[in-house]
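Everything on this sheet refers to the single structure shown next.
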Amino acid sequence: MTNQEIQQLVNSWSDKLEFSEEESEFLNVWVSKEELHSICEQLKTNRDLKFDYLFCVTGMDWGEELGVIYHLESTEFRHNIVVKVKTADRENPTLDTVSDIWLTAEYHEMEVYDFFGIKFNNHPNLKRLFLPADWEGYPLRKDYVDEVNMVIK
Amino acid sequence: MTKDQLIKPKLKTEEYFINMGPQHPATHGVLRLILTIDGEIIKNIEPDLGYIHRSIEKMCERDSYQQIVHLTDRMDYLSSHINNEAVCLTVEKALELEVPERVKVIRTIIAELTRIASHCLWWGVMGMDVGALTTYFYAFRDREMINDIFEETCGARLTMNYNIPGGLMFDIHPNFIKRVKEFITHFKTKIPEYDRLLTGNVIFQKRTKGVGVLSKEDAISFGASGPVARGSGVSCDIRKIHPYSAYTQVNFNEVLFTEGDSLARYKVRIQELWESVAIVEQLVDNIPEGDIKVDTKAVIKLPKGEYYQRVETARGELGVYINSTGTKNPYRVKFRSPGFSNLSVINKIAKGSKIGDLVAIMSTIDIVVPDIDR
């Protein structure tokens, strides 16, 4: 399917979606955090889309908001879509897990939790993946300060 | 206590934990697996990561684009050239630079030699893991020839830094073509030797056949890529699906096996040696003349936007995501490393098997820990 057809189909599921193709090679769709799980589930199960391969999960700190970017591909049709979700709550950011839809998300979400502090509801085993359990702060956030270990020029 | 109880004590087993690693020869680096064991049967595996995490992604946010290339060597150090290429391709894509044909061909030849070197090392260590020491020496003998070629051309044997955004750092050495051809002639007689020595060996077959079976659906869902996924019949070769550099000019096959067990993953890599040899053979005689780089500005500033490039390393799909705000440093860089996703299948496929089998499974997943611990 072309990006336009995908956009048309996905857009019929909800009226809160925002699409953009600017400044990116993929079709991007912004999803509200309440709808994240249901939209993702439909992206995978819809028989014209079949986005079964989640190849990249990126945690993001946009300054004001935290969020996650999901890069998806269909192994059958070879089309792509990028799902983006954000939350304005920096104190206690929570999103729904998609690890029940794509198993690979379990580890990737642990990584995002480790570095950005985003908690994932219903995640089977959410804990620090790389850093020790008693590490303070979330290093990949833009406002993270570590006076001991960080070399800033 | 009655006489009966003394003779037949009531046996009771209970689960216990055992650490495999962080210093264990089969983990190929500093990786700790926490195994829950009942007798010798594995009930659960929990990887404990981060022993060598350097937070390369954070370091990238402070570096210029030329500097980032150097950091990527240290992820999957056995695919260092391909990692460099991935970053360079992303930057070139963002700048809309078209590199000369000569650069594309040289990059592809060296990438395939890197793949052969990486698979050689894996083959040697794989044999050693299941108890055949000889393979290590055979594989390193051949791998050494590739490292010598690299050393002559770019001065380094492992972490090469031969790519720069816009092209290559130097031209190839005058001996390069001759020595690559010598290597190919030599290596074509050696792959059958690998097969005779290990592939057909009865003990080896028993250690790997039917061990650690990964289904096709799971392989896709776990985001597995490279030989791990292709051993389960998932067509995922980025060189075929989204060709880059000179892969559009060459004929080669994507190696697929459908069994999904350790032996299938092993066979994929052995077959890939042949395919890599074929690619190098097609290109080495036809390196076009021309420049080795396009000049870029001393300070590279990428236009505002998001850029993503996928390449096929020896371990699978490497993705580079760069988010730029238009300054000389990236706003965010993410490396989607193949090892990270490939490792996540381990609990699924090794559950219920014995500790000895876990060693064979780990070998055929072929993890490089710095790739996981970026």
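A few remarks follow.
- R0 of 56 Å, Cβ-Cβ distance A:Glu64-B:Asp285: FRET efficiency to nearest 0.05: 0.50
- Segment A:98-138: C-alpha gyration tensor shape, a/c 1.5 cut-off, then a/b vs b/c: prolate
- Per-residue Karplus couplings for segment A:80-85, computed as 6.51 cos²θ - 1.76 cosθ + 1.60 with θ equal to phi - 60°, are listed in order as 10, 8, 10, 9, 10, 9 Hz, Gly and Pro entered as x.
- Counting beta carbons within 10 Å around each of B:Asp357, B:Asp38, A:Asp100, B:Asp366 and listing the fewest first gives the order B:Asp38, A:Asp100, B:Asp357, B:Asp366.
- Here the contact order of chain A, divided by its residue count and restricted to Cα pairs under 8 Å and six or more residues apart, works out to 17 percent.
- Evaluated with a Cβ-only charge set (Lys, Arg +1; Asp, Glu -1), segment B:197-268 carries a dipole of roughly 240 debye about its Cα centre, given to the nearest 20.
- Database remark: amide H of B:Asn329 closer than 5 angstrom to no amide H (H placed geometrically; neighbours at sequence offset of 5 or more, or on other chains; Pro and chain starts carry no H).
- 3J(HN,Hα) from dihedral phi, segment B:361-370, Karplus parametrisation 6.51/-1.76/1.60, rounded to Hz, x for glycine, proline: 5, 4, 4, 7, 6, 6, 8, 10, 4, x
- When B:His81, A:His79 are arranged by Cβ crowding within 10 Å, least crowded first, meaning fewest neighbours, the order is A:His79, B:His81.
- Computed about its Cα centre, the charge dipole of segment A:3-121 is approximately 240 debye, with only Lys, Arg, Asp and Glu carrying charge at their Cβ.
- Flagged links, alpha-carbon separation over 32 Å, of B:Lys181/B:Lys297; A:Lys33/B:Lys58; A:Lys86/B:Lys93; B:Lys178/B:Lys293; A:Lys84/B:Lys240: B:Lys181/B:Lys297
- Förster radius 22 Å - calculated FRET efficiency between B:Glu14 and B:Lys354, Cβ distance, rounded to 0.05: 0.80
- Gyration tensor over alpha-carbon atoms, chain B, equivalent ellipsoid semi-axes in Å: 40, 25, 17
- Charging the Cβ of each Asp and Glu at -1 and of each Lys and Arg at +1, and nothing else, the dipole of segment B:186-239 about its Cα centre rounds to 240 debye.
- Cα centroid separation, segment B:150-194 to segment B:83-104: 19 Å.
- Calculated FRET efficiency for the pair B:His242/A:Lys16, C-beta based, R₀ 25 Å, to 0.05: 0.20
- Here's the picture: charge each Lys and Arg Cβ at +1 and each Asp and Glu Cβ at -1 in segment A:3-121, and of A:Cys56, A:Leu43, A:Gln7 the one pushed furthest to the positive end of that dipole is A:Leu43.
- Inter-chain Cβ neighbour average for residues A:76-84, partner chain, 10 Å: 1
- For segment B:70-83, Karplus couplings with θ = phi - 60° (6.51, -1.76, 1.60), whole Hz, Gly/Pro x: 5, 6, 6, 3, 8, 7, 9, 5, 7, 10, 4, 4, 5, 4
- Estimated from helices alone, the mean residue ellipticity of chain B at 222 nm is -14000 deg cm²/dmol (sum of -39500 (n - 2.57) over DSSP H runs with n ≥ 4, per residue).
- Candidates B:Ile238, B:Pro22, B:Gly166 compared by Cα position along the dipole of chain B: farthest toward the positive end lies B:Pro22, with charges placed on Cβ.
- For chain A, the mean residue ellipticity at 222 nm estimated from helices alone is -6000 deg cm²/dmol, where every DSSP H run of n ≥ 4 contributes -39500 (n - 2.57) and the total is divided by all residues, rounded to the nearest 500.
- Relative contact order of chain B, pairs being alpha-carbon contacts under 8 Å that are 6 or more residues apart, as %: 26 percent
- Dipole of the protein assembly as shown, positive direction: furthest Cα of B:Ser221, B:His53, B:Ile203, with charges on the beta-carbon: B:Ile203
- Mean partner shielding of peptide A:104-111, defined as the number of other chain Cβ atoms within 10 Å of each residue Cβ, is 5.
- Shielding by other protein chains, A:50-62, mean Cβ within 10 Å: 5
- Burial ordering of B:Met126, A:Met110, fewest other beta-carbon atoms within 10 Å first: A:Met110, B:Met126
- If the segment from A:Asn121 to A:Thr94 were pulled out straight at 0.36 nm per residue, it would be longer than the present Cα-Cα gap by 9.0 nm.
- Restricting attention to segment A:60-153, close to 75% of DSSP beta bridges with both partner residues there are antiparallel.
- Mean projection of the Cα convex hull over all viewing directions, computed for the protein assembly as shown: 28.4 nm².
- Shape metrics for segment A:3-121, restricted to C-alpha atoms - Rg then Dmax, Å: 13.5, 40
Taken together, the values in this text are just the output of simple stated rules run on the coordinates, not laboratory data. Every value quoted in this text rests on a predicted model; they were computed, and no experiment measured them. Here the Cβ is made from the backbone with ideal geometry for all residues, glycine too, and neighbour counts use every protein chain on show.
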